[in-house]
Structures are given as C-alpha cells and as structure tokens.
Amino acid sequence: MLILTRYVLFEFLVPLCYCLGGFVSIYVLFELFGSFSRLMAAKLPFMMVVSYFAGYLAPYFHYLAPAGLMLATLYTMWSFCRHSEIIAMRASGVSFMTIVKPLLAVSIAMALFVLYVNEIYVPRRAQWASAMKSERFDLSQVSKADNLVFRNAKEFRTWNIDSLIDEDGYSLSNVRVTQDRKGGVRLWNIMAERADYLDGEWWFTNPVVQHYDVTGKETSTPTPELDALTLRSFVGFRERPSDFLMLNRDWKYNSIHDRLRYLRSHKDLTAKVRNDYLYDIWSQIMAPWACVVITLFAIPAGIASGRQSVFKGILGALGMFFSFYILVILGMILAKNGILPAIPAAVLPYLIFLGLGAHAFYKQR
C-alpha cells in the first residue's frame with residue numbers, strides 16, 4: 001500500500017509543480033513588462049529582486065494554489081482513467097479512498113501553507129513590495145513608518161510616534177502617550193525619546209510624565225521617585241508592535257490575529273465598518289480551505305474526463321471553479337452592503353461547494 005501511495009503522490013506532485021510554476025511565471029512576466037527598466041536602473045541585488053517578486057505574488061497565492069490543485073487533479077485522474085489504472089487498483093481490492101488519499105492530503109497541506117503565507121509572510125513582505133513599486137525601487141525613499149497616531153479606544157489611550165526605529169516595530173522614536181479617564185478628562189501624558197518592547201513590556205527611555213487632576217489641570221506627580229527614573233517600564237500598556245505596524249499597512253495585508261486585535265481595541269467603529277472588517281476576517285479564515293474544496297470536486301471531474309470526454313470533465317471542473325468564486329464574490333457584495341451578516345456571507349460558499357464536492361466524490365465510490 002505504501003508503494004501505491006508513493007506512486008499516486010508522485011504522479012500528482014509533478015503536474016502540480018508544473019501548474020504552480022507556470023502560474024507564478026506568468027505573474028512574474030506580466031510584472032516584468034512594466035518594471036524591468038526600473039529594476040535595471042535601480043541595480044538591486046538579485047536576492048532583493050527575488051524578495052520583491054515573492055512579496056508581490058504572496059497576496060495572490062490563495063488564488064493560484066486552488067487553481068494549480070484543480071488542474072493537477074484533473075490531469076492525474078484523467079491519466080489514471082485513460083490508462084485503466086483505477087480499474088486495476090480497484091480490481092486488486094484497493095478502495096477509492098485509498099487511491100485519492102494522497103491528493104486530499106496534499107490539498108490539506110497546501111491549505112495550511114496558504115494559511116502560513118497569509119498570516120506570516122504577507123503582513124511582513126507584501127506592504128514592503130508595494131512600497132518598493134510605488135517608490136520606483138528607490139530604497140532611500142521606502143520609509144518604514146513615521147508620524148503614526150494609534151488610538152486605543154478600549155483603554156482610552158493614544159500613542160503619537162515620530163517613527164519606527166526597526167521594521168518590526170519593537171523600537172519607537174520620540175513617543176508621546178496620552179491616557180484619559182473614562183469621561184474623557186486627561187489623566188496623564190508621557191513623553192519619551194525612545195520606547196522598546198522587551199519581554200512583553202514597554203520600556204521608555206528618559207520619560208517625562210505629566211499628571212492631571214479630575215478637572216484636567218496639570219498637577220504635581222504623586223510618585224516623584226518613579227517618575228524620575230531614566231528607564232521605566234509600563235506594565236499596563238497592552239499595545240503591541242503589530243498594532244502600530246497596522247497603521248502603515250494596507251488592511252488587506254494584515255493577518256487574522258492583527259485584525260481581531262484591531263476590532264477589540266477599536267470599540268468606536270461604526271456598525272457598517274465593523275461588519276465589513278468582520279467579513280474580511282472570516283473571508284481570510286476560509287480562503288485557504290478553497291484548496292480542499294476545489295480538489296474535492298476536481299477528483300470526480302477528472303474521472304469523468306477519462307471515462308467519457310476530456311472536454312466534459314474540464315468544462316465541468318472550470319464551471320464549478322468559477323461558480324465557486326462567483327458565489328464568494330456575491331457573498332462579499334451582500335455582506336458589504338449589509339444584506340447578509342458577515343460570517344454567513346463568508347462561510348456559506350465554502351459549505352455549499354464542500355457539500356456539492358462531497359456528493360460528487362461519494363458517487364464515484
């Protein structure tokens with residue numbers, strides 16, 4: 001059985017690599033048509049150019065991966081049926097689930113990889129690639145972030161930051177933090193030359209603390225020894241570096257974790273904006289699992305192409321593929337216009353096509 005699994009896996013991975021490589025090459029070529037002269041003029045190192053294209057392509061990978069899986073699945077199942085290999089396997093007592101298990105396993109692994117790309121790689125590199133392109137690949141003009149204002153409405157705290165010292169947001173330059181009381185009256189201000197995020201705490205260098213009474217007038221400090229420290233930590237600050245990085249990043253490049261934190265810390269958002277953001281979160285949660293859904297209905301379509309007609313199987317799979325994404329787009333439109341709640345609009349297309357794919361898959365057994 002292990003030999004059979006390895007054989008099916010190899011026969012599937014080869015066309016999958018060709019499909020993904022072809023899609024990536026097409027994207028790179030189209031981008032090169034418009035950016036080649038600028039790249040040559042900028043004289044960037046080769047690895048930086050590779051990093052740029054990786055960051056540029058990463059936001060689109062959750063579309064390329066399902067498309068590559070669909071084509072590779074169609075070809076693999078068509079080849080097996082065309083050469084009567086499935087008949088031979090079934091005649092030898094091998095179950096249909098055992099035959100297609102490597103395909104499903106690869107689709108799940110690809111879904112997890114897409115999730116990793118969306119959560120880890122895209123937030124770090126996609127914004128940088130976008131800034132590189134907008135600045136015509138001039139590294140001196142690609143700013144990390146400056147003049148940031150972050151409002152933590154949940155805890156009535158506002159951060160004003162001149163600039164980020166490092167690209168991860170763990171060190172900030174010229175920071176001013178304002179803390180208000182629940183009613184909006186000022187409680188205190190902190191001004192510091194630098195703030196560093198170390199071991200889950202914010203440490204301020206040379207902080208100057210100003211205290212205010214209940215009427216909003218400046219008053220003397222109740223903790224003079226503590227306020228005189230040249231290096232001081234503020235344990236109560238729950239803001240994280242990623243919160244500040246989001247201010248310099250397009251919303252579409254943020255991870256699910258960062259988006260959820262943003263919603264929790266911004267209680268003052270309108271109902272429509274909150275619903276839009278909630279849809280984006282659930283859409284990003286569901287996007288990787290298109291790999292599994294599309295592979296599930298591509299398996300019976302590939303078998304049909306081998307048993308009946310190549311065009312029938314291919315057209316059927318393409319029809320399901322485009323119908324699936326049309327339904328996803330329709331759900332987005334309904335959610336953005338307040339016709340459907342955010343979560344059902346994001347989840348239902350996947351559940352519907354998962355059911356259709358599972359039904360077609362079951363009939364092939």
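The values are calculated or read from the model by the stated rules, or taken from the named source; none is laboratory data. Everything numeric in this text was worked out from a predicted model, so none of it was measured. Ideal geometry is used to build each Cβ from the backbone, glycine not excepted, and the neighbour counts take in all protein chains shown. Accessible surface is based on the protein model in full, side chains and every heavy atom, while ligands, DNA and RNA are left aside. Shrake-Rupley method; radii C 1.70, N 1.55, O 1.52, S 1.80 Å.
When only alpha carbons of the range 1-158 are considered, Rg and Dmax amount to 22.1, 70 Å. Note on the chain: along the principal axes its Cα atoms extend 88, 49, 40 Å, ordered by decreasing extent.
Taking every Cα-Cα distance in the range 78-150 and sorting them into 10 Å bins from zero, the calculated P(r) comes out as 16, 23, 18, 14, 13, 12, 5 percent.
Here the range 39-129 is treated as an ellipsoid with the same Cα gyration tensor; its semi-axes, largest first and in whole Å, are 40, 15, 9.
For the set W78, W159, the ranking by accessible area, highest first and with no ligand, DNA or RNA atoms included, is W78, W159 under a 1.4 Å probe.
The alpha carbons of the range 179-236 occupy a box of 35, 22, 17 Å along the principal axes, longest dimension given first.
When the residues H266, H83, H257 are ordered by accessible surface, computed with a 1.4 Å probe over the protein chains alone, the sequence from largest down reads H83, H257, H266.
A 1.4 Å probe, protein heavy atoms only, puts the accessible area of M320 near 60 Å². Per residue of the chain, the DSSP helices (runs of n ≥ 4 H) give a summed -39500 (n - 2.57) that works out to -20000 deg cm²/dmol at 222 nm. Taking trypsin sites (Lys or Arg not before Pro) across the range 191-235, the ones in a DSSP loop with at most 14 further Cβ atoms lying within 10 angstrom of their Cβ are K217. Which of V122, V114, V28 moves most in a GNM of the chain, Cα contacts under 10 Å? Ranking V122, V114, V28 by mean-square fluctuation puts V28 first. A quarter of the convex hull surface defined by the alpha-carbon atoms of the range 217-303 gives 10.5 nm² as the mean projection. In loop segments of the range 98-179 as defined by DSSP, the GluC sites (Glu not before Pro) with at most 16 further C-beta atoms inside 10 Å of their C-beta are E135, E155, E167.
Name the shape class, rounded, prolate or oblate, that the alpha-carbon gyration tensor gives for the range 108-192, where a ≥ b ≥ c are the square roots of its eigenvalues, rounded holds for a/c under 1.5, and otherwise prolate holds if a/b is larger than b/c and oblate otherwise.
oblate
Over 19 Å apart at the Cα level, from the set K133/K252; K252/K336; K43/K252; K154/K336; K272/K336, are K43/K252; K154/K336.
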